[in-house]
Every structure is written in structure tokens, then in C-alpha cells.
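Everything on this sheet refers to the single structure shown next.
The values are calculated or read from the model by the stated rules, or taken from the named source; none is laboratory data. Because the structure is predicted, anything quoted here is derived from the model rather than measured. Glycine gets a Cβ as well: all are built from the backbone with ideal geometry, and neighbour counts include every protein chain shown. Remember, those area values only see protein heavy atoms, side chains included, never the ligands or the DNA or RNA. Shrake-Rupley method; radii C 1.70, N 1.55, O 1.52, S 1.80 Å.
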Amino acid sequence: PTSSPPSAAAAAINGIQRLLSDSKTIQFLARCVLLGFGAGCVNAYLYLFMRHMGVSTSFIGISIMANGLAEVPVLFFQKAFLRNFGSAKGMLAAATGMVALLSSYSALLTWRKTQALTLLVSSSSPANATVKVA
């Protein structure tokens, strides 16, 4: 008797077992999960934090649009990038991008605090008594 080819589910389970038996694949998946978790945490609370800091809804909308537009070239050129540089350099580029993103958020927060202090100091001087801070 001839055996029938394995079903799609059996083939998928077999493929997953082979992937999870390789330690390098597990390390890669762990890095992807950690990067995704970090990005998810930042994105989930960024806009709430910006609102708490008093940032206008227009600026929050612009930052959401910029975030989406930044992803377009990455998704468009990902095949060429991975073909030319490989997955290891791709992961390094993703981690570097995450560091740059978090650094820019930190710089924005520092800039907002400096701007608020400058407005506070300038509005407290008698010469600028009519200045209103929104």
C-alpha cells in the first residue's frame, strides 16, 4: 500500500519542530519577541504620555503619521535589504533603529521640559507679564 502525503497540518507541525530544534533559530525568535515587546510597550504608552505632557492632538496625529510613513520604505525594501545584507545585519539595523527611536523620544521629552521652563521663566518677568502660556 502507498502512503498518502502528509496533511498540511502535519507538514506545518513537522516544520515547526525542525525550527525549534535549532538553537540559533530560538535565539533569533527570542530577539524578535523582545524587540516587538519593547516596540509595543513604547507605542502603546507613547501617545498617552504625550497627552499627559500637554502635547496637542495635532502633534500626536503628526507623530502617528510619521511613524506610519517611516515603516513604508522599510517594508518596501525589506527583500532587497535582506538579500544584500542578511538577517543578522537586519536585526542589528532594527535594534539600532529602536535605539534611535527611543533616543528621539527622550530628546523630545527633554526639549519639552526645557521649553516649559523657558516659558515659565519668561512669563514670570515683569516685562512679559501679558504672555499667556497655552
Original post:
Right, Ile13: open to solvent by 60 Å² or more (accessible area, probe 1.4 Å), assigned to a helix (DSSP H, G or I) and in contact (Cβ under 8 Å) with a residue 12 or more places away in the chain or not?
Top reply: no
Original post:
Out of all the residues in the range 110-125, which are modelled with pLDDT of 65 or more and either hydroxyl-bearing (Ser, Thr, Tyr) or open to solvent by less than 50 Å² (accessible area, probe 1.4 Å) (or both)?
Top reply: Thr110, Thr114
Subject >> Close pairs (7 angstrom Cβ cut-off, 6 or more residues apart or separate chains): in contact (Cβ under 8 Å) with a residue 24 or more places away in the chain and within 22 Å of Phe37 (Cβ to Cβ) in the range 76-94, in a helix (DSSP H, G or I) and of a type in the set (Lys, Arg) anywhere >> reply: Met91/Arg31
Original post:
How many residues does the range 20-68 contain that are farther than 21 Å from Ala93 by Cβ, small (Gly, Ala, Ser) and assigned to a helix (DSSP H, G or I)?
Top reply: 5
**OP:** Just need a number here: residues in the range 19-49 that are surrounded by fewer than 10 Cβ atoms within 10 Å (Cβ to Cβ) and of a type in the set (D, E, K, R).
**Re:** 1
